[in-house]
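Participant: Pasting in a structure now, in structure tokens, and then I'll have a few things to ask.
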Amino acid sequence: MNVEVEVQCALEAEGLPPASAFRIWSAAALSDFEGDAALVIRIVDEAESRQLNREYRGKDRPTNVLSFPFEIPAGVPPEEAGHHLGDLVICAPVVEREAIEQKKTPAAHWAHMVVHGILHLRGMDHQVPAEAEQMEERERGILQSLGFGDPYDE
């Protein structure tokens, strides 16, 4: 399996993880994925996160991570669509603030946001308790494989 990750940084910020970390975390979240995969991770400020969250989710506030699964355009045969999974938009100020509030290392929380977002791109969700439990268990396993603790441990 080949995983291609394009990291776009749309803000000036200190202490962001290097692109190589995003690639490692992405590969871990896709370790059981069959075939090649490509995705874009865009790091944004609160204004862009808020605008996208309002436009696509109807919530007028910035959020930690937004997932935009790729949808094959009408009329394009699946074999010609490539292997783009979708895009993640991660809000750096929100992630940094949450890491402090949740008493996590910044790297642990960034990794969690990448893993969480990719699981959404893969079709997982947490709207109902049974799905949330399954998704959280998968996140725990992936993050443990990366050397991080349980992201839901209070």
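Participant: Given the options V89, V94, V115, name the one that is at pLDDT 95 or above, closer than 20 Å to Q144 by Cβ and either basic (K, R) or crowded, with 16+ Cβ neighbours inside 10 Å (or both).
Facilitator: One residue alone meets the criteria, V115.
Participant: Identify the single condition in (1) among the β-branched types (V, I, T); (2) over 13 Å from the mean Cα position of the chain (by Cα); (3) surrounded by 20 or more Cβ atoms within 10 Å (Cβ to Cβ) that T105 does not satisfy, given that it satisfies every other one.
Facilitator: (3)
Participant: When both residues are 6+ apart or on different chains and their Cβ atoms are under 7 Å apart, which pairs have a first residue that lies in the stretch 29-50 and is within 25 Å of A13 (Cα to Cα), and a second that is aromatic (F, W, Y) and assigned to a helix (DSSP H, G or I)?
Facilitator: Pairs found: I41/F22.
Participant: Could we say that P106 is more than 17 Å from E139 (Cα to Cα), in contact with a helix residue (DSSP H, G or I) (Cβ under 6 Å, 6 or more places away or on another chain) and in contact (Cβ under 8 Å) with a residue 12 or more places away in the chain here?
Facilitator: It is false that P106 is more than 17 Å from E139 (Cα to Cα), in contact with a helix residue (DSSP H, G or I) (Cβ under 6 Å, 6 or more places away or on another chain) and in contact (Cβ under 8 Å) with a residue 12 or more places away in the chain.
Participant: Identify all residues within the stretch 20-76 that are surrounded by 15 or more Cβ atoms within 10 Å (Cβ to Cβ) and either on the phi > 0 side of the Ramachandran plot or among the basic types (K, R) (or both); write none if there are none.
Facilitator: Correct list: R23, R42, R50.
Participant: Suppose we filter V128, V94, V89 for residues that are farther than 23 Å from M1 by Cβ and free of Cβ contacts under 8 Å to residues at least 24 places away in the same chain; which single one remains?
Facilitator: Selected residue: V128, the only one of V128, V94, V89 that is farther than 23 Å from M1 by Cβ and free of Cβ contacts under 8 Å to residues at least 24 places away in the same chain.
Participant: Would you mind telling me which numbered condition in (1) of a type outside the set (D, E, K, R); (2) assigned to a helix (DSSP H, G or I); (3) on the phi > 0 side of the Ramachandran plot G123 fails?
Facilitator: Tallying (1) of a type outside the set (D, E, K, R); (2) assigned to a helix (DSSP H, G or I); (3) on the phi > 0 side of the Ramachandran plot, G123 fails exactly one: (2).
The values are calculated or read from the model by the stated rules, or taken from the named source; none is laboratory data. Here the structure is a predicted model, which is why all the values come from computation and not from measurement. Reconstructed Cβ throughout: ideal geometry from the backbone, glycine too, with neighbour counts over all protein chains shown.
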